[in-house]
Amino acid sequence: MQAAYLANVTPGQARVLADVNAAGLDALREYLARGDAVAFLGAGASAPLYPMWSELIAELVDAAAHRLNPGQAQTCRALAGQSPEEVVEIVRRQLSDAEFREVLRATFRVRTDRESGRTWTPVHELVCRYAFKGVVTTSYDPGIVDARSRARVRATVTGFASYTDDDAMDRWRTGDVFGDGELPVLFAHGRGDQPDRIVLATPEYRQAYEGKLSHVMARLVDAGHLVWIGFSFADQRIAAILREVAQACGTRASPGAAARHVAIMPGIRTRGNDPGILAQRAELATGLRGALPRSPWRSLRAAGSAERSGGLPIRACRGPAAPGGHRARR
């Protein structure tokens, strides 16, 4: 397992990864052993079956191309990485409500892998086979629910909910949901089959996190043990989520607080991307700290291995936090 995980990595890089990953690895194994871990999934967990965030925005820009001149379209694509929610809102203003919903329906239609015939990814299946007590996803596709039905034979077909379900949100806030059934799933930003309730743009973020979602997230971040999977070091979504939670609930993290969470993030193989520096950057930007991983699939496979800690690229993180560790005002 470790040899596969560290494929194409030099001995020097392997030593660096082992050092940076150590704390996160220990935390992940401890949380899984105790059954305390909640998986928090980003778009990377659904890739390549479903589009990553940047690819989704590109599809939206393409759909609105007849309403944008070439310079406007190019600017939207360039801004997508640093201001994704704002770009979505700009693009949506160019389309009618019906056009926008149709684009979302087409984008999040159920997709099937050509080789396996499955409607979920290997990461989805591994999450469902590990001892997570629940799953929160910011993706809109049904992959995690389909994998849950396959891997958890005792799981009920009704064991998932969206942020729009008031009763379910109450049970997630109190933690009672974990006693309702096996591996409950929360679609924190809505589902693809309900395009009019998807959280994509800034106004929808504000509306969603002004409601019960911020209190659910505050409880998970403050008292739970989250395992962030499918996000990247440059992902603006983590910062946006923590910012909205902080603004709604006034939470903050102490600089010396003990790590409560871990994150599995894709490694970057280009020059000028030192794992230690990237880990520090992520800590300063979002309150996450730890190591540089490889792919989420390999990372989760390695988490179940008894091999030495150098093989798992994960990061420990603390929470809750507003970006920069400052208290956010209401």
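Does G272 satisfy the criteria of being on the phi > 0 side of the Ramachandran plot, modelled with pLDDT under 85 and assigned to a loop (DSSP other than H, G, I, E, B)?
Numbers: on the phi > 0 side of the Ramachandran plot: yes; modelled with pLDDT under 85: yes; assigned to a loop (DSSP other than H, G, I, E, B): yes.
Criteria met by G272.
Just to be sure I understand, how many residues within region 127-158 are buried (at least 19 other Cβ atoms within 10 Å of the Cβ) and either among the hydroxyl-bearing types (S, T, Y) or at pLDDT below 90 (or both)?
Qualifying residue count, region 127-158: 5.
For F132, which of the numbered conditions (1) assigned to a helix (DSSP H, G or I); (2) touching a strand residue (DSSP E or B) at 6+ places or on another chain (Cβ under 6 Å) fails to hold?
In the conditions (1) assigned to a helix (DSSP H, G or I); (2) touching a strand residue (DSSP E or B) at 6+ places or on another chain (Cβ under 6 Å), F132 misses (1) alone.
Report yes if E55 is without any contact (Cβ under 8 Å) to a residue 24 or more places away in the chain and closer than 27 Å to L183 by Cβ, otherwise no. Outline the logic, then answer.
Numbers: without any contact (Cβ under 8 Å) to a residue 24 or more places away in the chain: yes; closer than 27 Å to L183 by Cβ: no.
Spelling it out, it is not the case that E55 is without any contact (Cβ under 8 Å) to a residue 24 or more places away in the chain and closer than 27 Å to L183 by Cβ.
I'd like to know if region 204-224 contains one or more residues that are closer than 27 Å to G175 by Cβ, modelled with pLDDT under 80 and either in contact with a Lys or Arg (Cβ under 7 Å, 6 or more places away or on another chain) or among the basic types (K, R) (or both).
No, that holds for no residue.
Looking at A37, A18, A47, A65, can you tell me which residue is over 22 Å from the mean Cα position of the chain (by Cα), over 26 Å from Q207 (Cβ atoms) and in contact (Cβ under 8 Å) with a residue 60 or more places away in the chain? First the steps, then the outcome.
Numbers: A37 fails: over 22 Å from the mean Cα position of the chain (by Cα); A47 fails: over 22 Å from the mean Cα position of the chain (by Cα); A65 fails: in contact (Cβ under 8 Å) with a residue 60 or more places away in the chain.
That would be A18, the only listed residue that is over 22 Å from the mean Cα position of the chain (by Cα), over 26 Å from Q207 (Cβ atoms) and in contact (Cβ under 8 Å) with a residue 60 or more places away in the chain.
Out of all the residues in region 138-152, is one or more hydroxyl-bearing (S, T, Y), under 18 Å from R219 (Cα atoms), part of a helix (DSSP H, G or I) and free of Cβ contacts under 8 Å to residues at least 60 places away in the same chain? I'd like the intermediate steps shown before the answer.
Going residue by residue through region 138-152, those that are hydroxyl-bearing (S, T, Y) are 138-140, 149.
With under 18 Å from R219 (Cα atoms) added as a condition, the list becomes 138.
Next cut, part of a helix (DSSP H, G or I) only: none.
Taking every residue of region 138-152 in turn, none turns out to be hydroxyl-bearing (S, T, Y), under 18 Å from R219 (Cα atoms), part of a helix (DSSP H, G or I) and free of Cβ contacts under 8 Å to residues at least 60 places away in the same chain.
Restricting to region 165-202, what's the tally of residues that are within 20 Å of the chain's Cα centre (by Cα), farther than 21 Å from H124 by Cβ and outside any loop (DSSP other than H, G, I, E, B)?
Qualifying residue count, region 165-202: 5.
Taking H261 and the conditions (1) within 20 Å of A43 (Cβ to Cβ); (2) touching a strand residue (DSSP E or B) at 6+ places or on another chain (Cβ under 7 Å); (3) at pLDDT 85 or above, which numbered condition does it fall short on, given that it satisfies the others?
Only one criterion is unmet by H261, namely (3).
The values are calculated or read from the model by the stated rules, or taken from the named source; none is laboratory data. Quick caveat, the model's predicted, so the values are computed rather than measured. FYI the Cβ positions are ideal-geometry reconstructions off the backbone, even for glycines, and counts take in every protein chain you see.
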